[in-house]
Amino acid sequence: MDSNVVLCRTISNHAGKVATRQLMEDSIPFTKSYKRIPFFLRERFRGASEICVISINRNEYAKARRSIDCLDFHIRRRLRLNVI
């Protein structure tokens, strides 16, 4: 059984870096991966060629959400947060 869940997705490299830095500062383990966006869907994603996906352990979700909620509003609005 996979106990990892997606915390957030973003097409902004800067927002992804800031979010992962915040998770590291709060000692929350995570994985960061990139998914390729097909050419015909890139217009929907403002021309981005890949999307950054940050996943965490299901048991750390509440702690990670509190950590992400501490980020600046301009960074948070560039993150697509999942709700479980």
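The values are calculated or read from the model by the stated rules, or taken from the named source; none is laboratory data. Quick caveat, the model's predicted, so the values are computed rather than measured. Note: ideal-geometry Cβ built from the backbone for every residue, glycine included; neighbour counts use all protein chains shown. For accessibility, only protein heavy atoms count, side chains too; no ligands or nucleic acids. Shrake-Rupley method; radii C 1.70, N 1.55, O 1.52, S 1.80 Å.
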Next on the checklist: Return the residues of the range 62-84 that are surrounded by fewer than 18 Cβ atoms within 10 Å (Cβ to Cβ) and of a type outside the set (D, E, K, R); say none if nothing qualifies.
Outcome noted: ALA62, CYS70, LEU71, PHE73, HIS74, LEU81, ASN82, VAL83, ILE84
Item to check | Unmet requirement for SER55, which otherwise passes all of (1) in contact with a Phe, Trp or Tyr (Cβ under 9 Å, 6 or more places away or on another chain); (2) open to solvent by less than 80 Å² (accessible area, probe 1.4 Å); (3) in a helix (DSSP H, G or I); (4) modelled with pLDDT of 95 or more | outcome: (3)
Checklist entry - Tell me, which residue of the range 1-44 that is in a loop (DSSP other than H, G, I, E, B) and surrounded by fewer than 13 Cβ atoms within 10 Å (Cβ to Cβ) is modelled with the lowest pLDDT? => result MET1
